[in-house]
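**Student:** My questions will all concern the structure given below.
The values are calculated or read from the model by the stated rules, or taken from the named source; none is laboratory data. Computed from a predicted model, the values in this text were never measured in an experiment. Ideal geometry is used to build each Cβ from the backbone, glycine not excepted, and the neighbour counts take in all protein chains shown.
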Amino acid sequence: MQVLRTVCVFLLIGLAGCTDRSYSPTVPEALNVGKPATVFAATNRESLPDGTFGSERTDGISLLELTVSIPPEHKPGSLKFGYANPDPSAEFTMAGRRKFQTEAAFSSRLRQELAKFPANERDVTVFVHGFNSTQAETAFRAAQLTHDLNVPGATVIYSWPSKGKALGYAYDGDSVLFARDGLETLLRKLRTSGAGRVVVVAHSMGGLLTMETLRQIEIKSPGWTARNLGGVVLMSPDLDVDVFKSQMTRFAEVPQPFAIFVSQKDNILTLSQRLRGLDGRARLGNINNAEEISDLPVEVIDTTAFADEAESQHFVAATSPALLALLNGARETAQSFEHSQDRLRRILPGQIVIRDNAVEIALEGPPSDNR
């Protein structure tokens with residue numbers, strides 16, 4: 001019966017996603033309507049004849065600049081796009097694509113983008129997407145998240161070869177392993193390209209990819225991540241808790257802050273548990289409390305109270321308007337990621353529990369009509 005339920009959920013997901021998601025056209029005139037957002041990209045997806053990138057794997061890394069048009073009526077937490085027939089007045093639209101022929105050209109353009117900001121805001125946010133995501137969708141999500149949080153500096157997506165299909169879970173899991181070296185190459189490259197700080201933000205299965213990559217970096221270069229990363233944020237990580245703890249043992253020093261956003265109402269992670277026969281064992285992204293990882297220097301931020309009003313229960317931190325406002329205010333108050341362990345405890349409202357090195361913050365949800 002459990003297997004039958006799981007299959008039915010997948011079929012419903014597939015039926016809901018019958019739209020062809022493989023192609024998003026470049027529409028330069030969208031910028032006559034929308035607001036431009038620059039998203040840099042590094043990808044080991046295959047290059048297609050039309051200039052886009054598909055789901056097949058390829059050796060080497062392509063470096064890109066993508067221009068996303070954000071619709072004028074965009075509301076925080078919402079992400080709408082129209083694939084082959086976008087409406088720039090209401091939907092995120094790809095307005096430009098540029099492929100760099102050399103690493104030097106990519107680095108030069110990135111420095112140019114960073115120079116638009118004050119010296120203390122020249123950060124690079126690297127967004128690592130999760131399961132079932134196309135390259136265009138990843139660019140749209142990164143643009144939406146950094147726009148809604150008013151994140152300074154440059155945004156870079158690491159676009160690993162997800163199948164972009166609801167039934168591509170196994171393929172995506174293998175692609176995560178395939179993509180580790182490419183992400184390591186990108187992170188090392190960014191540290192030599194003029195970035196003040198590099199902050200890695202990973203969603204869902206991207207959390208597994210990020211942790212595997214940081215682990216292999218630490219094996220090769222102990223202490224590199226703490227010296228070169230300005231923070232790691234795992235959002236709804238689809239990652240086994242024991243695997244996570246094993247990965248963390250390889251860190252000579254854990255980069256700070258190290259934040260994990262979780263929710264007990266994450267329907268996709270519940271499905272992931274069932275696929276693995278783990279109904280009674282939570283994934284890292286829907287862990288009940290920080291007790292299991294209490295010896296690790298991490299911040300566990302429980303967003304469960306915001307799940308019901310979020311557009312996606314699997315990405316509450318990006319799709320809850322109320323939580324985005326809260327996080328935006330917290331970011332502005334903290335002003336920087338430095339020493340944010342103490343600042344997070346002061347500026348994020350909610351119940352705070354400290355267990356050894358781990359800090360668990362159960363955020364207070366937005367007011368409801370019946371309060």
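**Student:** Out of the residues in region 57-79 that are farther than 16 Å from T38 by Cα and of a type in the set (V, I, T), state the one that is surrounded by the most Cβ atoms within 10 Å (Cβ to Cβ).
**Tutor:** I61
**Student:** Next question, about the same structure. Can we say D172 is without any contact (Cβ under 8 Å) to a residue 60 or more places away in the chain, of a type in the set (D, E), buried (at least 22 other Cβ atoms within 10 Å of the Cβ) and closer than 29 Å to R276 by Cβ?
**Tutor:** So D172 fits the description; yes.
**Student:** Can you go through A305, A317, A310, A290 and tell me which one is more than 26 Å from S78 (Cα to Cα) and of a type outside the set (S, T, N, Q)?
**Tutor:** Working: A305 fails: more than 26 Å from S78 (Cα to Cα); A317 fails: more than 26 Å from S78 (Cα to Cα); A310 fails: more than 26 Å from S78 (Cα to Cα).
It is A290.
**Student:** Give the residue, chosen from F251, F244, that is farther than 25 Å from A318 by Cβ, buried (at least 18 other Cβ atoms within 10 Å of the Cβ) and touching a residue at least 24 places away in the same chain (Cβ under 8 Å).
**Tutor:** F251
**Student:** Which of (1) within 18 Å of P237 (Cα to Cα); (2) at pLDDT 95 or above does A166 not meet, given it meets every other one?
**Tutor:** (2)
**Student:** Just the residues that are over 26 Å from K189 (Cα atoms), under 24 Å from the mean Cα position of the chain (by Cα) and either in a loop (DSSP other than H, G, I, E, B) or among the polar types (S, T, N, Q) (or both), please, taken from region 89-122.
**Tutor:** Those that are over 26 Å from K189 (Cα atoms), under 24 Å from the mean Cα position of the chain (by Cα) and either in a loop (DSSP other than H, G, I, E, B) or among the polar types (S, T, N, Q) (or both): A90, E91, T93.
**Student:** I've got another one for you. Here are some residues: A310, A259. Which one is small (G, A, S), touching a helix residue (DSSP H, G or I) at 6+ places or on another chain (Cβ under 9 Å) and within 15 Å of P366 (Cα to Cα)?
**Tutor:** Details: A259 fails: within 15 Å of P366 (Cα to Cα).
Answer to the selection: A310.
**Student:** Out of S236, S204, S263, which single residue is surrounded by 24 or more Cβ atoms within 10 Å (Cβ to Cβ), in contact with a His (Cβ under 6 Å, 6 or more places away or on another chain) and among the small types (G, A, S)?
**Tutor:** Residue meeting the stated conditions: S236.
**Student:** What are the pairs, 6+ residues apart or on separate chains, where a residue within region 182-198 that is free of Cβ contacts under 8 Å to residues at least 24 places away in the same chain has its Cβ under 6 Å from a residue that is in a loop (DSSP other than H, G, I, E, B) and of a type in the set (S, T, N, Q)?
**Tutor:** From residues that are free of Cβ contacts under 8 Å to residues at least 24 places away in the same chain, there are no pairs.
**Student:** Pick from region 138-167 the residues that are in contact with a Lys or Arg (Cβ under 7 Å, 6 or more places away or on another chain) and assigned to a loop (DSSP other than H, G, I, E, B): which of them is nearest to H74 (Cα to Cα)?
**Tutor:** L149
**Student:** Which residues, taken from region 317-370, are at pLDDT 80 or above and either farther than 25 Å from R141 by Cβ or β-branched (V, I, T) (or both)?
**Tutor:** If the condition is that a residue be at pLDDT 80 or above and either farther than 25 Å from R141 by Cβ or β-branched (V, I, T) (or both), then T319, V359, E360, I361, A362 are the ones that fit.
Per-residue answers, yes or no, for (1) buried (at least 20 other Cβ atoms within 10 Å of the Cβ); (2) farther than 23 Å from I61 by Cβ; (3) modelled with pLDDT of 95 or more:
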{"position": "Y83", "(1), (2), (3)": "no, yes, no"}
{"position": "A90", "(1), (2), (3)": "no, yes, yes"}
{"position": "T93", "(1), (2), (3)": "yes, yes, yes"}
{"position": "Q101", "(1), (2), (3)": "no, no, yes"}
{"position": "A105", "(1), (2), (3)": "no, no, yes"}
{"position": "F140", "(1), (2), (3)": "yes, no, yes"}
{"position": "A154", "(1), (2), (3)": "yes, no, yes"}
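**Student:** Another question, then. Report, by residue number, each residue of region 266-280 that is closer than 21 Å to S320 by Cα and surrounded by fewer than 17 Cβ atoms within 10 Å (Cβ to Cβ).
**Tutor:** N267
**Student:** Next question. Spot the failing condition for G230; the list is (1) out of contact with any helix residue (DSSP H, G or I) (no Cβ under 9 Å at 6 or more places or on another chain); (2) crowded, with 23+ Cβ neighbours inside 10 Å, and only one is missed.
**Tutor:** (2)
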